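Colleague: Attaching a single structure in structure tokens format; questions to follow.
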Amino acid sequence: MTLRELYDNVGGSYEDALSRLMSDSLIDRFIRKYPQDKSYTQLIEAAAENDKELAFRAAHTLKGVAGNLGFSELAAAASELTEQLRPQTEGPDTELVTRVTETHNRVIKGLERYCS
């Protein structure tokens, strides 16, 4: 699987990633580190505990990480959740958390195929 194929499979933008990271080797290096990023795990834990502040920070961080790596659909899902949590008047919307989870899992599965 090529980087372009990976990005096509996970709803990402290879062009966005290339414009930020400037080379395939840097894209490769950074996307391989994505599974170790803790923001998704923190988001899920915060959502389970209805911790609005931590959920907001984790969703915001995930939005940035995904955006910088060109994982467009994941960044969009995390952005929508971030905006829902911004006023911190209510806990994380279950449907939005599910959307983030689905897109995150698609990225993880794509990375597993790419790295194998």
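The values are calculated or read from the model by the stated rules, or taken from the named source; none is laboratory data. Since we're looking at a predicted model, the values are computed, not measured. We place every Cβ from the backbone using ideal geometry, glycine too, and count neighbours over all the protein chains shown. Accessible surface areas use protein heavy atoms only, side chains included; no ligands, DNA or RNA. Shrake-Rupley method; radii C 1.70, N 1.55, O 1.52, S 1.80 Å.
Colleague: Select the helices (runs of 4 or more DSSP H) contained entirely in segment 1-88, then report the ones holding at least 2 residues which are under 20 Å from Arg99 (Cβ atoms) and at pLDDT 95 or above. First the steps, then the outcome.
Modeller: Details: elements: 3-9, 14-21, 24-33, 39-48, 52-69, 72-85.
Fully inside segment 1-88 and qualifying: 3-9, 39-48, 52-69, 72-85.
Colleague: Can you name the residue in segment 89-116 that is in a loop (DSSP other than H, G, I, E, B) and over 15 Å from Glu45 (Cα atoms) and, of all such residues, is most open to solvent (accessible area, probe 1.4 Å)?
Modeller: Ser116
Colleague: Right, next: Among the listed residues Asp28, Asp24, Asp16, Asp51, identify the single one that is surrounded by 13 or more Cβ atoms within 10 Å (Cβ to Cβ), touching a Gly at 6+ places or on another chain (Cβ under 7 Å) and more than 17 Å from His104 (Cα to Cα).
Modeller: Going through Asp28, Asp24, Asp16, Asp51 in turn, the sole match is Asp16.
Colleague: Go through Ser72, Ser79 for me and flag whichever is in contact (Cβ under 8 Å) with a residue 12 or more places away in the chain, open to solvent by 20 Å² or more (accessible area, probe 1.4 Å) and more than 23 Å from Leu3 (Cα to Cα).
Modeller: Going through Ser72, Ser79 in turn, just one is in contact (Cβ under 8 Å) with a residue 12 or more places away in the chain, open to solvent by 20 Å² or more (accessible area, probe 1.4 Å) and more than 23 Å from Leu3 (Cα to Cα): Ser79.
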